[in-house]
Amino acid sequence: MATNNYISTRKPGFKPQKYDLGKIPAYQYKGTLKDEIAAGNITAAQAVDVLEDMLTIREFEEMIVKLRTGAYDACKGYEYRGPTHVSIGQEATAVGCCAAMAYDDQITSTHRGHGDSLAKGCAAIRGMSVEELKARVPECGATRRKELIEAALEKHVYRAIAELFGKEDGYCKGRGGGMHIADFKAGHLGANAIVGGGVPIATGAAMSSRYFQDNKVTCCFAGDGAYANGVVLEALNWAAMGQFTDPAYTDRPFGLPIVYAIINNHYGFTGRVDGEVAGVATVARRAAGFADNNMHAEVVNGMDLLACLDAMRRAADLCRKGQGPVMLEFDTYRNYGHSLGDPRFEYRTKEEEAAWKELDPIATFERQLLDAKVVTPRKIEALKAKVADRNARMAAQAAWSQDPDPADVIRYMYTDTRVETVPESFANAPTVGDLPVIKRTEDSQITYKDAIKEAMIEEMLRDRRVVQWGEDIAEYGGAFKVTKGLIEAFGRERIFNAPISEACICGTAVGAAMTGLRPVVELMYMDFCLMASDQISNQAAKWHYMSGASIEVPLVYRASVGGGKGYGGQHSQTLESVFAHIPGLYVVYPATPYDAKGMLKSAIRDNNPVLFVESQIMYNYKDVVPKEEYLIPLGKADVKRAGDAVSIVTWGPMLYEALKAADQLAADGISAEVVDIRSLVPLDMETILASVRKTGRCVVTSHCVGIGSFTGEIASRIMAEAFDSLDAPVLRVGAKDGIAPQAYSLEDAFLPHDRDIVAAVKTLL
């Protein structure tokens, strides 16, 4: 494998030339159902199946419309309060794409993703073996494939409606609802209420498929409005990276197996892409900006099921050959507004709607079926009646089914699982070169950053699923050389450079973690977490809960804090308090090399998403760190110094200031106990409270600014849970409520020091 290719040999060359961006085909499909049947691309039975699937989506979403007015007779008396983003008119894109995929291929979808979810589930069910069907509907008791499929389709519709209604029987146990519906067993990795939020997740899932070589294709459904979103553009650039396909970078050139399915219904909310909020008439044109081959882009008639089926079939084939990514723009229309509350005639005409309805995909395909003599008008009516009856029965059942227990409101926030043992196929991962040497002193001391590196080496050797990416972390070793030498040892398949795209770095990690990898990604500065806050806070942190524990997201975000090095306001923020406020995310901040190694290993093995914070001023601190295997559990504080007069509770670099303060206080006859919490989430309050109950006094200190600091959370809980043991108020010591300055004199005044802790303690005595 080519891994020693960081040093560029490119020389200047300014020869006059013209870049040919190529042509993007549009509306090329001219086939008919007769043609497709004759060519063996679809059978008559399959043609009826896809009509049924489109009807299933239409009936489901017309139910939503009727529920809002109380006109859905099957649920009389039921008050529906969920989302109303329907995709009526767009059924051909969902069904055509999903029918062209293998049943274990994957999709992500949008807040308007009911149709995508139904289509993927229906297609997956029809592709399952008898044994797989029995496992999906064990209560059915049938043995014949036809009966099993019908039972599975019925259950699929029921669970989709139940999730829409927020019921315990829903796919996500009512925790996600319609805008976050997912069916991971059918390859649906989740609908996403954040516009564009699912695009990097899909890209990460495609990375997993490329890594595992499992022949899966991921289809990422997103609307035209999403393709103005920053993280979406980041994802397109990411997917087309040369290091996936350039033989100079990899010994297995293989493009990401992903299809970006743009559902261009011509409106984001009210704004039109064509002629208003964008400068291109067709979104697919943007593909030329990310790949020299136009990313195999084309524009497809999204009102024609056969055109959609044909385009997706060809796109999936390209992906399986390693020629992805592919961009397909489906030109379609939503018959309703953004939601049912959208007065859409304020921005479009009834004449426009009528013209599009003339091309209704269901009516169009019905005519194709009749022309090909696959069905009779009577059979179509019978099929419509069957679908309507199934939906009505399932809706009635779902409406009055069990609501989630209020006592379980925060159940599934975190998983309590971790990788105790590695499956044999991933254990004892091979290397492609020599491991980097960790230099120890005679008494076995190593630096903080080497402790982190050693933890990553051990975990990458232990488990082949542990992979890393981040800005400049490959040959260069990262901005702070923490990963130096890892690419020579493990190769570019397991550690590689990312573009300067923090949102996509974090978002791809979510998708990769959902689909089998265990990513460890580096954010050069913690400040850059704010660029990726949606993917960290709305995606990584939420999917275990929103899926009703159907999926786990085992990943680690390594983020370094630059405070204390004179980097100024945009490179010096201590932001762990911000992310400790996000339920579903672990936040840990070890201060010593020993703790850093043991806690990073635990974080990598944990099945929760973990924000692992590192201070750059501690990178060269040394401590005794055993070569032998050891773990430090997350959520367990450590008493670094025993005392009985006052408790100093801290984390991160303030540990060292706290220990210096304890020395000064000891000289004055004051015995201070220093508690290093090490982990903000989970928080070990038992150890904190035990210390405070012993000493009766407490100072909580960190590098965080006072406003909104996690020090306040700890202080309030101490006063609430150990008030009777306190002899004085709990005090906090932190940075000034301002912006980190660059000048040394100002930064020194801005950050807290041992002297500040000593002063605070003495006010308590």
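The values are calculated or read from the model by the stated rules, or taken from the named source; none is laboratory data. Only a predicted model underlies this, so the values are computations on that prediction, with no experimental measurement involved. Cβ placement follows ideal geometry from the backbone for every residue including glycine, while neighbour counts extend to all protein chains displayed.
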In segment 345-356, anything more than 20 Å from Ala92 (Cα to Cα), assigned to a helix (DSSP H, G or I) and without any contact (Cβ under 8 Å) to a residue 60 or more places away in the chain is listed as Phe345, Lys350, Glu351
- prompt: Would you say Met460 is out of contact with any Gly (no Cβ under 8 Å at 6 or more places or on another chain), at pLDDT 95 or above and of a type outside the set (Asp, Glu)?
  reply: yes
Of the residues in segment 357-395 that are more than 19 Å from Glu59 (Cβ to Cβ) and touching a residue at least 24 places away in the same chain (Cβ under 8 Å), the one that is surrounded by the most Cβ atoms within 10 Å (Cβ to Cβ) is Val374
*Among the residues of segment 590-613, is there at least one that is closer than 30 Å to Ala162 by Cα and of a type in the set (S, T, N, Q)?*
yes
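Okay, residues lined up against (1) within 26 Å of Asp251 (Cα to Cα); (2) touching a His at 6+ places or on another chain (Cβ under 7 Å); (3) part of a loop (DSSP other than H, G, I, E, B):
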| site | (1), (2), (3) |
| --- | --- |
| Leu435 | yes, no, yes |
| Ile438 | no, no, yes |
| Glu442 | no, no, yes |
| Phe480 | no, no, yes |
| Ala489 | yes, no, no |
| Thr508 | yes, no, no |
Note on Ala315: of the conditions (1) in a loop (DSSP other than H, G, I, E, B); (2) over 23 Å from Asp360 (Cβ atoms), unmet is (1)
Test Asp534 against the stated conditions and say whether it is of a type in the set (D, E, K, R), in contact (Cβ under 8 Å) with a residue 40 or more places away in the chain, surrounded by fewer than 24 Cβ atoms within 10 Å (Cβ to Cβ) and closer than 30 Å to Lys173 by Cβ. yes
Of the conditions (1) touching a residue at least 40 places away in the same chain (Cβ under 8 Å); (2) closer than 26 Å to Met654 by Cα, the single one that Glu552 does not satisfy is (2)
Taking first residues from segment 135-160 that are among the aliphatic types (A, V, I, L, M) and second residues anywhere that are outside any helix (DSSP H, G or I), the pairs with Cβ under 6 Å that are 6 or more apart or on different chains are Leu148/Ala142; Ala151/Val137; Ala151/Cys140; Ala152/Val137
| query | more than 30 Å from Ser547 (Cβ to Cβ), in contact with a Pro (Cβ under 9 Å, 6 or more places away or on another chain), part of a loop (DSSP other than H, G, I, E, B) and not acidic (Asp, Glu) - does that describe any residue in segment 596-613? | reply | no
Given the condition without any contact (Cβ under 8 Å) to a residue 60 or more places away in the chain and in a loop (DSSP other than H, G, I, E, B), answer yes or no: does some residue in segment 446-453 qualify? no
When segment 244-301 is checked residue by residue, the ones that are outside any loop (DSSP other than H, G, I, E, B) and charged (D, E, K, R) are Asp274, Glu276, Arg285, Arg286, Glu298
Being at pLDDT 95 or above, in contact with a strand residue (DSSP E or B) (Cβ under 9 Å, 6 or more places away or on another chain) and crowded, with 19+ Cβ neighbours inside 10 Å is the requirement here; does Ala728 meet it? no
Across (1) farther than 26 Å from Pro423 by Cα; (2) part of a loop (DSSP other than H, G, I, E, B); (3) modelled with pLDDT of 95 or more, Gly564 clears everything bar (3)
Exactly one of Ala152, Ala206 is in contact with a strand residue (DSSP E or B) (Cβ under 9 Å, 6 or more places away or on another chain), part of a helix (DSSP H, G or I) and either farther than 30 Å from Ala239 by Cβ or not assigned by TED's automatic domain parsing to the domain that holds Thr515 (or both), and that one is Ala206
Per the filter on segment 635-652, residues surrounded by fewer than 24 Cβ atoms within 10 Å (Cβ to Cβ) and out of contact with any Leu (no Cβ under 9 Å at 6 or more places or on another chain) are Lys636, Asp638, Val639, Ala642, Asp644
Next item on the list: Return yes or no: is Gly598 of a type outside the set (Ser, Thr, Tyr), in the same structural domain as Ile487 (by TED's automatic domain parsing) and over 18 Å from Ile632 (Cβ atoms)?
Entry: no
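Residue by residue, here is whether (1) within 19 Å of Ala160 (Cα to Cα); (2) in contact with a helix residue (DSSP H, G or I) (Cβ under 6 Å, 6 or more places away or on another chain); (3) not in a helix (DSSP H, G or I) holds:
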residue: Lys30; (1), (2), (3): no, no, yes
residue: Gly40; (1), (2), (3): no, no, yes
residue: Gln46; (1), (2), (3): no, no, no
residue: Met54; (1), (2), (3): yes, yes, no
residue: Val65; (1), (2), (3): yes, no, no
residue: Ala102; (1), (2), (3): no, no, yes
residue: Cys122; (1), (2), (3): yes, yes, no
residue: Glu132; (1), (2), (3): no, no, no
Reported set for segment 644-670 where residues are on the phi > 0 side of the Ramachandran plot and out of contact with any His (no Cβ under 8 Å at 6 or more places or on another chain) is Gly669
